[in-house]
Amino acid sequence: MTDSLSVLTLFFFSIVVYSIPLLYGTVGEIMIEKSGSLNLGVEGTMAIGAVLGYIVGCRADSLFVGMMIAFISSALVGALFSFLTVTLQANQNVTGLTITTFGVALYYFIGNGLGNDWPQMGSAPRMVNSFSDMEIPLLSDIPGIGKIFFSHNIMVYIAVGIAVLCWIYLNTTTLGLELRAIGENPGAADSMGINIPLMKYIHIMVGSGIMGLGGLYMGLNMGGTFEGSNCWINGYGWISIALVIFVNWNPAMAVVGTFVFGFFNTLRVYSGSLASTFPGLLGWLGNIPAQFFSALPFIITLLILVVDSMRKNKKSGQPAAIGLNYYREDR
Amino acid sequence: MNNLHLVKRSGNTLVRRIVCYIVAIIISMGIGAILLSVLGINPVSYYKDMLTIGLIGNRYAYKSVEGFLKVFVPLLMVSLALALSFKMRFWNIGGEGEFLVGAMCAAAVAFNFGSLPTAALIPLMCLAAIISSGLIGLAVAFLKCRFNTNETLITLMINYIVLYGVKYFGETKADWNFFLRDDSARPIFAKFPENAEMPGIHIGAFNLLYSVIFTLILTVIIYVYLKYTKQGYEIAVVGDSSDTARYAGIKVKRVTLRTMFLSASLIGLAGAFSASASATVSSSMTNSVGWTGIVVAWLSKLSIPGIFVASILISILQYGCQAASTSYPAIDRNYADLLQGIILFAVLVSDFTVTFKIVKRKEDASK
């Protein structure tokens, strides 16, 4: 029994460990989409933050420095997106896709270029130490739950903190209200005297910076090894875009949504061991193809999109002006 | 700053655009050259290798041309197809998924009816691809027309659902799975029966595939379709303003459904061609053509001749990097993506100078 309990605990523990990058990506994208911009460059933004944050963090042997660099470099990518789409009125879909192509390619370029100079995590003991799991006193002593939720590395808690802060910001502050107004009806927001370009720049940059932290997390979680064939981000950026829809553009719900999407993602890896530990109850899990679990987040999101639009859901958090550039003189 | 503002340029901007784009490409290549030098690689000799796609001083130059065409043909066709829907302001970004669906359905026909003669089998494969992908496009268009579902996000999801579907067929060893090789214990996609391979015209050692010829003919047909037919005109009107179109008596929904079916089915056809030309399928066979196609279509401002030129340029970039990587192992094919990204950023900036001009605000006369 203890053995089966530990399998379950490990399963839920892994959900948290592996899905936190989704939370960073999703919260970042929510901040951007609430301003009315659809940034399809999550994958690339995360890749750039990951590779630069990791390398500098290793060299400086400090997780804090790594996080700063990841945030700043990704925020600069966000600045590029803002410059192109807000100032220069370029198409958001094309710009976002280009950022993804460019970011992932830059990741490989830097990795291949460094070759044997690629820093190993072992060379940065203090950074590794800062990233190691820490147990929250008292809470982590709760059997099962304590291990699952309260004995993680610091970046897990930071992610949840950012999500909650963003929720408070969007829903209770004046600036948050103004931001949502821009996403819903930029013309009206403009006539209220809100500085639309400035607001868009700031939120796109902050949102991108948050994504960069998620990228760094993925790199550290994968042991920091560069593989010539697989990018660290590995599609998490795209899942984040889907997750934004799943959680209805709500950062607080993103914490729950991340856990749900992470559940399927982790099930892909653990379905075998779960099926063999609980042959009676979960034996059927072994028969479901792993690819189905991978596709499930996208299938669910697709269904939500369709059902939401069929019901003409008034409560939908989707900003009305999403994806449309605001050009004052077309108003 | 306040007395400067943006004004949209009017009139013909074609020459200005071409000049701006050329400048943008040169600047990007310059940035790329700096990056290469940082890695200690001579940019001049690298660019020479890349831009000549391994044609010069190569006894097997025809192989390079064939390799180039394998990149160029799907890209051209997908970009053309996407341009159809983009002209309508319908953001079909499901090129990856539609391409794979077409390829897989063509493969299903190839494996099950492999005994048919080539002249019957290949059209049948193409038909399967056209119908299956077209239906996906039709479904998305229906949702858009009926419920105003966001098509960008829907097609994005479809890409990944299809991708994992293909991976499922490619990684599941089972009796019913006719996609895989029988003689291998590991799951590997099987080679098509011989009759399903795309035939071609032999010019010396060079094999000019019929799919290449057909794609070029199709380019002309689409050009004529958009420019000189009623249906093509309807697409343009719907794209400009669906309200105007409705007042003019155009059935907007019908145009949307028809055009999306065409767009998706052409992408599916490109998938079938690609599968037949390489006589197999794989989950990575799209070579990101669904994404690159969006970029190409947009770069060319949805003009068909523009798409033709841009497809050639991007294909040279991509295949050239592949060809050059034999002599420069430190630079893999991702360098093409990097350069492509920089070029596009530069072009987006130069786009601005083409569409807008900054003028000084005149003093308000009424004051």
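The values are calculated or read from the model by the stated rules, or taken from the named source; none is laboratory data. Nothing here was measured: the structure is a model prediction, and the numbers come from that model. Ideal geometry is used to build each Cβ from the backbone, glycine not excepted, and the neighbour counts take in all protein chains shown. Please note that ligands, DNA and RNA were not included when accessible areas were found on the heavy atoms of the full protein model with its side chains. Shrake-Rupley method; radii C 1.70, N 1.55, O 1.52, S 1.80 Å.
Annotations for the structure displayed:
- Among the residues making up region A:90-103, a single one is over 17 Å from A:Gly235 (Cα atoms) and more than 7 Å from every other protein chain (Cβ to nearest Cβ): A:Gln92.
- Among residues of region B:166-187 that are touching a residue at least 40 places away in the same chain (Cβ under 8 Å), those with a beta-carbon under 6 Å from a residue that is small (Gly, Ala, Ser) at least six positions away or on a different chain give the pairs B:Val166/B:Ser283; B:Lys167/B:Ser283; B:Gly170/B:Ser283.
- Some residue of region A:265-279 being more than 14 Å from chain B (Cβ to nearest Cβ) and open to solvent by less than 10 Å² (accessible area, probe 1.4 Å): yes
- Residue under evaluation B:Leu163, criteria (1) under 24 Å from B:Val255 (Cβ atoms); (2) within 10 Å of chain A (Cβ to nearest Cβ); (3) under 18 Å from the mean Cα position of the chain (by Cα), criterion not met: (1)
- Unmet criterion (only one of (1) open to solvent by less than 40 Å² (accessible area, probe 1.4 Å); (2) more than 11 Å from chain B (Cβ to nearest Cβ); (3) within 16 Å of A:Val51 (Cβ to Cβ)) for A:Phe131: (3)
- Matching entry among A:Met253, A:Met211, A:Met205 (being open to solvent by 10 Å² or more (accessible area, probe 1.4 Å), away from chain B (no Cβ under 12 Å) and touching a residue at least 40 places away in the same chain (Cβ under 8 Å)): A:Met205
- For B:Met198, the criteria (1) within 14 Å of another protein chain (Cβ to nearest Cβ); (2) in contact (Cβ under 8 Å) with a residue 12 or more places away in the chain; (3) in a loop (DSSP other than H, G, I, E, B); (4) open to solvent by less than 30 Å² (accessible area, probe 1.4 Å) hold in every case but one, which is (1).
- Residue in region B:202-224 that is touching a residue at least 24 places away in the same chain (Cβ under 8 Å) and at positive phi present: yes
- Where B:Leu344 falls short, out of the listed (1) surrounded by 21 or more Cβ atoms within 10 Å (Cβ to Cβ); (2) assigned by TED's automatic domain parsing to the domain that holds B:Phe179: (2)
- Within region B:284-323, the set of residues being at pLDDT below 90, surrounded by fewer than 24 Cβ atoms within 10 Å (Cβ to Cβ) and small (Gly, Ala, Ser) comprises B:Ser284, B:Ser288, B:Ser300, B:Ala323.
- Residue that is nearest to B:Thr52 (Cα to Cα), among those in region B:324-341 that are surrounded by fewer than 21 Cβ atoms within 10 Å (Cβ to Cβ), hydroxyl-bearing (Ser, Thr, Tyr) and within 14 Å of another protein chain (Cβ to nearest Cβ): B:Ser325
Table: residues versus (1) touching a residue at least 12 places away in the same chain (Cβ under 8 Å); (2) in a helix (DSSP H, G or I).
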residue	(1), (2)
A:Asn39	yes, no
A:Gly57	yes, yes
A:Ser73	yes, yes
A:Asn93	yes, yes
A:Tyr107	yes, yes
A:Ile110	yes, yes
A:Gly115	no, yes
A:Gly122	no, yes
A:Met127	yes, yes
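- Criterion (open to solvent by 40 Å² or more (accessible area, probe 1.4 Å), more than 8 Å from chain B (Cβ to nearest Cβ) and polar (S, T, N, Q)) met by exactly one of A:Asn112, A:Asn116: A:Asn116
- Hey, A:Leu106 open to solvent by 10 Å² or more (accessible area, probe 1.4 Å) and at pLDDT 95 or above or not: no
- Of the candidates A:Ala320, A:Ala290, A:Ala242, the single residue that is of a type in the set (A, V, I, L, M, F, W, C), in contact (Cβ under 8 Å) with a residue 40 or more places away in the chain and surrounded by fewer than 19 Cβ atoms within 10 Å (Cβ to Cβ) is A:Ala320.
- Counting only residues that are more than 14 Å from chain A (Cβ to nearest Cβ) and open to solvent by 10 Å² or more (accessible area, probe 1.4 Å), region B:123-158 holds 10 of them.
- Within region A:277-289, the set of residues being more than 14 Å from A:Phe263 (Cβ to Cβ) and assigned to a helix (DSSP H, G or I) comprises A:Thr277, A:Pro279, A:Gly280, A:Leu281, A:Gly283, A:Trp284, A:Gly286, A:Asn287.
- Checking each residue in region A:19-41 for being within 11 Å of the chain's Cα centre (by Cα) and either closer than 22 Å to B:Asn159 by Cβ or surrounded by fewer than 23 Cβ atoms within 10 Å (Cβ to Cβ) (or both) picks out A:Ser19, A:Pro21, A:Leu22, A:Gly25, A:Thr26, A:Gly28, A:Glu29, A:Ile30.
- Among the residues making up region A:146-159, those that are closer than 12 Å to A:Val16 by Cα and open to solvent by 50 Å² or more (accessible area, probe 1.4 Å) are A:Lys147, A:Phe149, A:Phe150, A:Tyr157.
- B:Leu116 more than 10 Å from every other protein chain (Cβ to nearest Cβ) and open to solvent by 10 Å² or more (accessible area, probe 1.4 Å): yes
- Residue list for region B:343-363, filter: among the β-branched types (Val, Ile, Thr) and more than 7 Å from chain A (Cβ to nearest Cβ): B:Ile343, B:Val347, B:Thr353, B:Val354, B:Thr355, B:Ile358, B:Val359
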